[in-house]
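Visitor: Can you read through this structure? Questions will come right after.
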Number of protein chains: 2
Amino acid sequence: MAHSRQLRQLRQLHLGAFMRPVSLHTGAWRFPGAWPDANFNFAHLKRLAQTLEAARFDAFFMADHLAVLNMPVSALKRGHTATSFEPFTLLSALAAVTSKIGLVATASTTFDAPYHVARRFASLDHLSGGRAGWNLVTTSNPDAALNFGLDEHVEHDERYRRAREFFDIVTGLWDSWDDDAFIRDVASGEYFDPDKMHVLDHKGEHYSVRGPLNIARPPQGWPVIVQAGSSEAGRELAAQTAEAVFTAQPDLETGKRFYADVKGRLARYGRERDHLKILPGAFVVVGETLDEAREKRALLDTFVHAESGIASLSIALGHDVSRFDLDGPLPDIPESNASRSARQRVVDWAREENLTVRQLAQRVGGYSGLEMVGTPESIADEMEQWLVQEGSDGFNVMFPFLPAGVDDFALKVVPELQRRGIFRREYTGKTLRDHLGLPRPANRFFSR
Amino acid sequence: MAHSRQLRQLRQLHLGAFMRPVSLHTGAWRFPGAWPDANFNFAHLKRLAQTLEAARFDAFFMADHLAVLNMPVSALKRGHTATSFEPFTLLSALAAVTSKIGLVATASTTFDAPYHVARRFASLDHLSGGRAGWNLVTTSNPDAALNFGLDEHVEHDERYRRAREFFDIVTGLWDSWDDDAFIRDVASGEYFDPDKMHVLDHKGEHYSVRGPLNIARPPQGWPVIVQAGSSEAGRELAAQTAEAVFTAQPDLETGKRFYADVKGRLARYGRERDHLKILPGAFVVVGETLDEAREKRALLDTFVHAESGIASLSIALGHDVSRFDLDGPLPDIPESNASRSARQRVVDWAREENLTVRQLAQRVGGYSGLEMVGTPESIADEMEQWLVQEGSDGFNVMFPFLPAGVDDFALKVVPELQRRGIFRREYTGKTLRDHLGLPRPANRFFSR
């Protein structure tokens, strides 16, 4: 670990909390002591946000769907994720009961208007004193399209072209006013200086938006831009526009390739490497011992309904497993079209942990991305490795169940990260940009 | 007042606080001791909402614009209303720091999608424990159209047809789930009962929306429906759908005609008279004496810029007054196309209060609707007259300046209303429907 000790002064971990669905794990709401309605109970979410703030998290991140997913009812009815709060209303309420933690809302460029999106994020940024972030998604979900009058979903490249224009409009609207436009001169009666107001007058391929925005420039200049797309178009859009990327990376080696690729694109757009943070999602289960952590994870998996687990496992293996003996070991599986690395990972789980087909199905149906299951020390070791080896700049942490999963992380893992000097003990700034070490964007219309 | 004493057990005043712009009066931000940034400072608005809740107001009402109004810069720059918080974000934040007062947000049926609107109000209703209201506006402002890619504004009747369909979809989406659909049965693993989920599948003239809404039915069933349209189409839509009407009525006689007309339309739709509350806007200036109140009002008017006042006065009189001697009395004005009653009211002000043309211009440019200027007793008398004579069910109170205008009303007028037994001393319910005495709507898809 000598290498990491030297870097310690240089690099700090950034932590987001992935909070919708409250847990990605479909059995979370049934875990002993869990809050079954945690995704829908403001008192609970307030308590969690305050816990995360006390643990000095960078941000509370609110994922989103614009539909009840159109899956078979037999599976849908078992999940806690069909319904939840809407992100802007929830995060605005949380802004009033927290003072430091960042608040990242998801908003789609496909199903909303740039003026609305610019305005709501500016408003959240003002309400929170500069803590807003925009998770810009292009929404590929066809179920959402049907809720917005679109029979056919907009195709992938078109969505990204539209997203880029949408981004230009939203940031242009945020720049409608110079930072010191509002002089409020009681004596002269001038509320603002008209020379410091800009009418955007955007007329582009997809949108026509006059402006100016009817809200002052956000405290952060622009709320922090967050993205999650991992396709070629998604990586390019991120390199051009994003300041944080939430991504799914199955393991450190894959993560390092993604990290190098995305960071490597920045120079082409005249951007500094440090001005985009890469934060893979990590599902963290904490125990006093490794065995205890694994037992929690195994118990959690038992709450996944076998039927939905078998469907997920069949997809992961590229093979219909429903006729296998559920209580026997996984047979050898022939080659298939399924991603080889994903397939191998699943097979490895079965072999290493001696899982039955049922247990494997429940594992895959519960959650099958990057996970860190262990003691506070082993989890801190893993996180430090990702940081030191340039696999990430931190993590978007997913909790296995609530509230204990959050409390375990906040009270056990965070102190261990702090002890190692790779995570803040106190917030040193006030805004989400401060927490993430990002520059405040200049106003494109008003240089100084 | 014997008549009023008899009715006292029966009828109670309902009070909303009209809070955006923070004052309708364009000179408000310059008044001595006023907060010039009150419309844009969350700490201030939190303080005001908590004061209004302590005074037992029914609701905090947030008006809205979807544009910086395209008026001459010389006038625009003098107002405090060009920018403000966005309603959903502000009211959600206020929901977290209040516990009883209703929260009414304005949302347009012309520039938003029904799924978004249904979802945000449902979310605000859940966050606030049943305190949300939807001020349904059709938005006639052409400046807003230009911010949403529409070169020509949608014409009046078409807007109302669209609004009616929009309303049907939003309320249909709110009914997507039965009130007890979410059983969260940890033992069986059923999170909800699929028989209690309804897919709307709306295909209409203007909209196609599948559903279901991805949020549980609001605590109030539906958030309270509020409207402000006073045209024939507006009154009909209100009679069919509204539960509260915010309206501009210049005086009690006009108010009584409006009240009788709108209440008279309800039976046609099988609705009870009491299930729609009529709340005219009232601009209230409180003094220890009538003279002190009038002096405050006159001082406030001096903060209106003469230029914008003269434009407003010319419109009100239907005559260009810019060549008159500003410091002389109002000359006789020939007949014109201007509304005779509005014109006469303005002329009466000039004669009764011996105003110069400049003072009259400042009065009209500041605020020219219904006002109650006087002592707590005289204001309570006026309000009681409106209630007793069936001019209204209460008021949407507009404050002349902040915070003193709110404090004066809360600490002086409200106790006088309470003393007379026409306004609550304590909240007797928890939801905005409870405060307004409105029934909880049945779910159209799940009867019981």
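Visitor: Could you report the accessible area of B:ARG257 in Å², rounded to 10, computed with a 1.4 Å probe on the protein chains as they sit in the structure?
Guide: It works out to around 150 Å².
Visitor: Using alpha carbons only, how many angstrom separate the centre of segment A:145-212 from the centre of segment A:302-380?
Guide: 46
Visitor: Suppose accessible area is computed on protein heavy atoms with a 1.4 Å probe; arrange B:MET71, A:MET197, A:MET19 from highest to lowest.
Guide: Descending accessible area places them as B:MET71, A:MET197, A:MET19.
Visitor: Something else about it: Rank B:HIS14, B:HIS65, B:HIS206 by mean-square fluctuation in a GNM of chain B with C-alpha springs under 10 angstrom and give only the top-ranked residue.
Guide: Looking only at B:HIS14, B:HIS65, B:HIS206, the biggest GNM fluctuation is shown by B:HIS206.
Visitor: On average, how much accessible surface per residue is there in segment A:194-257, in Å², for a 1.4 Å probe, leaving out ligands, DNA and RNA?
Guide: Values: 2300 Å² over 64 residues.
With all protein chains present, segment A:194-257 gives 36 Å² per residue.
Visitor: Apply 1/(1 + (r/R0)^6) to the Cβ-Cβ distance of A:ARG184 and B:SER208, taking R0 = 41 Å, and write down the FRET efficiency to the nearest 0.05. Kindly include the intermediate steps, with their values, before the conclusion.
Guide: Numbers: r = 46 Å, r/R0 = 1.13.
With a Förster radius of 41 Å, E is 0.35.
Visitor: Going toward the positive end of the dipole of chain A, with +1 on Lys and Arg Cβ and -1 on Asp and Glu Cβ, which of A:HIS25, A:GLY318, A:GLY394 do you reach last?
Guide: A:GLY394
Visitor: Got a number for carbon plus sulfur as a percent of the protein assembly as shown's accessible area, 1.4 Å probe?
Guide: Working: 16690 of 33240 Å².
Carbon plus sulfur share of accessible area: 50 percent.
Visitor: In segment A:192-327, how does Rg compare with the Kirkwood Rh, expressed as the Rg/Rh ratio over alpha carbon atoms? Provide the component values of the computation, followed by the final result.
Guide: On the way: Rg = 23.1 Å, Rh = 20.0 Å.
That ratio equals 1.16.
Visitor: Between A:LEU326 and A:GLU158, what length in nm is gained on full extension when 0.36 nm per residue of separation is reduced by their alpha carbon distance?
Guide: Details: separation 168, 0.36 × 168 = 60.48 nm, distance 4.37 nm.
So the chain would gain 56.1 nm between A:LEU326 and A:GLU158.
Visitor: Take the Cα atoms of segment B:1-130, build their convex hull, and give its volume per residue in Å³.
Guide: Values: hull volume 21.9 nm³, N = 130.
Dividing the Cα hull volume of segment B:1-130 by its residues yields 168 Å³.
Visitor: Shifting gears a bit: Only counting protein heavy atoms at a 1.4 Å probe, give the residues of segment B:196-216, ordered by number, whose accessible area falls by 20 Å² or more when the other protein chains are present relative to the chain alone.
Guide: Listed by number, the residues meeting the 20 Å² cut-off are B:MET197, B:SER208, B:ARG210, B:PRO212, B:ASN214, B:ILE215.
Visitor: Would you calculate the convex hull of the Cα atoms in segment A:341-402 and tell me its volume per residue in Å³? Intermediate values should be presented prior to the final figure.
Guide: Numbers: hull volume 7.3 nm³, N = 62.
Roughly 118 Å³ of hull volume per residue.
Visitor: Can you give the FRET efficiency for B:GLN344 and B:THR289, using 1/(1 + (r/R0)^6), R0 = 41 Å, r = Cβ-Cβ distance, to the nearest 0.05? Display every interim value, and only then the final one.
Guide: Numbers: r = 28 Å, r/R0 = 0.68.
Taking R0 as 41 Å, the efficiency between B:GLN344 and B:THR289 is 0.90.
Visitor: Right, next: Net charge within 11 Å of B:VAL304 by Cβ-Cβ distance, Lys/Arg positive one each and Asp/Glu negative one each, not counting B:VAL304 itself?
Guide: Numbers: positive: B:ARG30, B:ARG78, B:ARG358, B:ARG363; negative: B:ASP301, B:GLU307.
Here the charged neighbours net out to +2.
Visitor: Can you tell me the length gained on complete extension of the stretch A:ASP143 to A:GLU377, counting 0.36 nm per residue apart and subtracting the Cα distance? The partial results should precede the final answer.
Guide: Values: separation 234, 0.36 × 234 = 84.24 nm, distance 4.23 nm.
Full extension from A:ASP143 to A:GLU377 adds 80.0 nm.
Visitor: Just grab the label-to-label distance for A:ARG351 and B:ALA248, each label 7 Å out from Cα along the Cβ direction, in nm (one decimal).
Guide: With each label point 7 Å from Cα toward Cβ, the separation is 7.7 nm.
Visitor: Oh, and also: With a 1.4 Å probe and every protein chain left in place, work out the accessible area per residue of segment A:291-369 in Å², rounded to a whole number.
Guide: On the way: 4210 Å² over 79 residues.
Heavy-atom SASA per residue in segment A:291-369 reads 53 Å².
Visitor: Next question. Helix A:114-128 sits at what angle to the longest principal axis of chain A, using alpha carbons and giving 0 to 90 degrees rounded to 10?
Guide: The helix A:114-128 is inclined about 90 degrees to chain A.
Visitor: Normalised radius of gyration for chain B, please: alpha carbon Rg relative to 2.2 N^0.38 Å, two decimal places.
Guide: Working: Rg = 22.7 Å, N = 448, 2.2 N^0.38 = 22.4 Å.
Here the Cα radius of gyration is 1.02 times the empirical estimate.
Visitor: For segment A:8-79, what is the accessible area per residue in Å² when the probe is 1.4 Å? Please report the intermediate quantities before stating the final value.
Guide: Working: 2420 Å² over 72 residues.
Ligands and nucleic acids excluded, the result is 34 Å² per residue.
Visitor: Just need the relative contact order of chain A here, percent rounded to a whole number, with Cα pairs under 8 Å and 6+ apart.
Guide: Working: 811 pairs, mean separation 103.6, N = 448.
That works out to 23 percent.
Visitor: Sticking with this structure for a sec: Computed over the Cα atoms of segment B:288-374, what is the ratio Rg over Rh, Rh following Kirkwood?
Guide: Details: Rg = 12.5 Å, Rh = 13.1 Å.
Rounded to two decimals, Rg over Rh is 0.95.
Visitor: Okay, next question. If R0 is 35 Å, what FRET efficiency do you get for B:ASN70 and B:GLN385 from their C-beta distance, rounded to 0.05?
Guide: Details: r = 40 Å, r/R0 = 1.14.
That pair, B:ASN70 with B:GLN385, gives E of 0.30.
Visitor: Could you give, in nm with one decimal, how far B:ASP37 is from each other copy of that position, shortest first, with labels 7 Å out from Cα toward Cβ?
Guide: Inter-copy label distances (nm, one decimal, shortest first): 3.9.
Visitor: How about segment A:90-129: which of its residues lose at least 50 Å² of accessible area in the presence of all protein chains relative to their chain isolated, using a 1.4 Å probe?
Guide: Relative to the lone chain, where solvent access is computed with a 1.4 Å probe, segment A:90-129 loses at least 50 Å² at A:ALA96, A:TYR115, A:HIS116, A:ARG119, A:ARG120, A:LEU127.
Visitor: Rg and Dmax of the protein assembly as shown, using alpha carbons, in Å: what are they?
Guide: 29.6, 101
Visitor: Peptide A:132-141: average number of partner chain Cβ atoms within 10 Å per residue?
Guide: Working: counts 1, 0, 0, 0, 0, 0, 0, 0, 0, 0.
Partner-chain Cβ atoms within 10 Å, mean over residues of A:132-141: 0.
Visitor: Related question: In whole Hz, what ³J(HN,Hα) sequence does segment B:131-141 give by Karplus (6.51, -1.76, 1.60; θ = phi - 60°), x for Gly and Pro?
Guide: The phi angles translate into 10, 8, x, 10, 7, 7, 10, 9, 6, 9, 7 Hz.
Visitor: Return the calculated 222 nm mean residue ellipticity for chain A, to the nearest 500 deg cm²/dmol, obtained by summing -39500 (n - 2.57) across DSSP H runs with n ≥ 4 and dividing by the residue count. It would help to have the intermediate numbers written out before the result.
Guide: Numbers: 17 runs with 173 residues, N = 448.
That calculation yields -11500 deg cm²/dmol at 222 nm.
Visitor: Report the relative contact order of segment A:291-369, percent, no decimals, based on alpha-carbon pairs under 8 angstrom and at least 6 residues apart.
Guide: Details: 87 pairs, mean separation 35.0, N = 79.
Relative contact order of segment A:291-369: 44 percent.
Visitor: Could you compute how much accessible area chains B and A hide from each other, both sides summed, with a 1.4 Å probe? Nearest 100 Å² is fine.
Guide: Working: alone 19720 and 19700 Å², together 33240 Å².
Using a 1.4 Å probe on protein heavy atoms, the buried area is about 6200 Å².
The values are calculated or read from the model by the stated rules, or taken from the named source; none is laboratory data. Remember, it's a predicted structure, so these values are computed and weren't measured experimentally. Note that each Cβ is placed from the backbone with ideal geometry, even for glycine, and that neighbours are counted across all protein chains shown. Remember, those area values only see protein heavy atoms, side chains included, never the ligands or the DNA or RNA. Shrake-Rupley method; radii C 1.70, N 1.55, O 1.52, S 1.80 Å.
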